[in-house]
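Data first, discussion second: the structure below is written as structure tokens.
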């Protein structure tokens with residue numbers, strides 16, 4: 001019987017999870033369930049896959065800093081890190097998707113209608129597959145901060161969105177990466193929605209020494225853990 005199966009993982013500590021909905025952020029009222037979770041019987045679909053997602057989703061868009069050979073505007077950065085499981089083992093072959101605002105803090109999305117300019121040479125999304133060591137990497141530009149509409153002058157700090165698909169579509173993490181030292185981090189309502197300070201820090205990247213990066217890119221290291229006590233919080 002499915003109900004007789006033991007839990008494979010200890011439950012999440014609620015202090016490491018965002019407490020939603022978040023005041024002044026209307027999206028968290030519509031994107032989060034209002035009812036508590038319930039146990040769903042495991043069927044053959046959940047037990048067997050889908051697997052080999054890279055064959056279906058075609059990774060390879062790792063350079064966001066130019067479009068059709070034309071450079072985007074903004075500070076060139078290289079973001080890299082490793083995808084790990086709950087035992088710090090590399091998750092090889094994981095699909096890592098990312099999306100972000102441009103240097104002016106505007107998304108290439110029809111829902112973003114702010115006055116900030118669009119960059120014709122920056123789309124702002126990419127996808128890659130981790131190597132045997134669990135490493136991923138993207139060349140891009142540093143995103144700008146932006147005000148959240150109808151939020152009493154709350155500005156989101158520069159950040160990058162990530163979606164990680166592990167061995168199957170059922171092992172997914174959707175989260176965000178922040179930049180170290182940005183003063184808006186301390187007042188970001190999404191980051192502050194996580195009560196555990198150590199869990200907050202797992203969302204902030206670290207600088208890579210400039211001597212270790214080839215070319216004129218600032219480097220940022222950001223590891224993400226898909227499960228376990230040191231998991232990267234979803235956001």
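Any read-out appearing in this document is the output of simple, stated calculations on the displayed coordinates, not a laboratory observation. Because the structure is predicted, anything quoted here is derived from the model rather than measured. A quick note on method: Cβ atoms are made from the backbone with ideal geometry, for glycine too, and the neighbour counts reach across all protein chains shown.
Using only DSSP helix segments of four residues or longer, with each worth -39500 (n - 2.57), what per-residue ellipticity at 222 nm results for the chain after dividing by its residue count and rounding to 500? Before the final figure, lay out each step's value.
Values: 5 runs with 22 residues, N = 235.
One gets -1500 deg cm²/dmol as the mean residue ellipticity at 222 nm.
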| Three principal axis extents, largest first, for the C-alpha atoms of the chain, in Å? | 57, 43, 33
| Under a point spin-label approximation (7 Å from Cα along Cα-to-Cβ), what is the residue 171-residue 15 distance to one decimal in nm? | 2.8
| So how far apart, in nm, are the two label points at residue 153 and residue 109 if each is 7 Å from Cα heading toward Cβ? | 2.6
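For residue 23 and residue 196, compute 0.36 nm times the residue count separating them, minus their Cα-Cα distance, and round to one decimal in nm. Don't jump to the answer; show the numbers that get you there.
Numbers: separation 173, 0.36 × 173 = 62.28 nm, distance 1.87 nm.
Gain on extension, residue 23 to residue 196, equals 60.4 nm.
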| field | Principal axis dimensions, largest first and in whole angstrom, of the range 72-196 by Cα | value | 43, 38, 27
| said: Given 20 °C and 1.002 mPa s, compute D for the range 55-95 with the Stokes-Einstein relation, Rh being the Kirkwood radius over Cα pairs; round to the nearest whole µm²/s. | reply: 163
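At a Förster distance of 45 Å, what's the computed FRET efficiency of residue 61 paired with residue 35, Cβ-Cβ distance as r, to 0.05?
Values: r = 37 Å, r/R0 = 0.82.
Once the sixth-power term is evaluated, E becomes 0.75.
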| Quick one: if you stick a label point 7 Å off each Cα along the C-beta vector at residue 184 and residue 43, how many nm between them? | 4.3
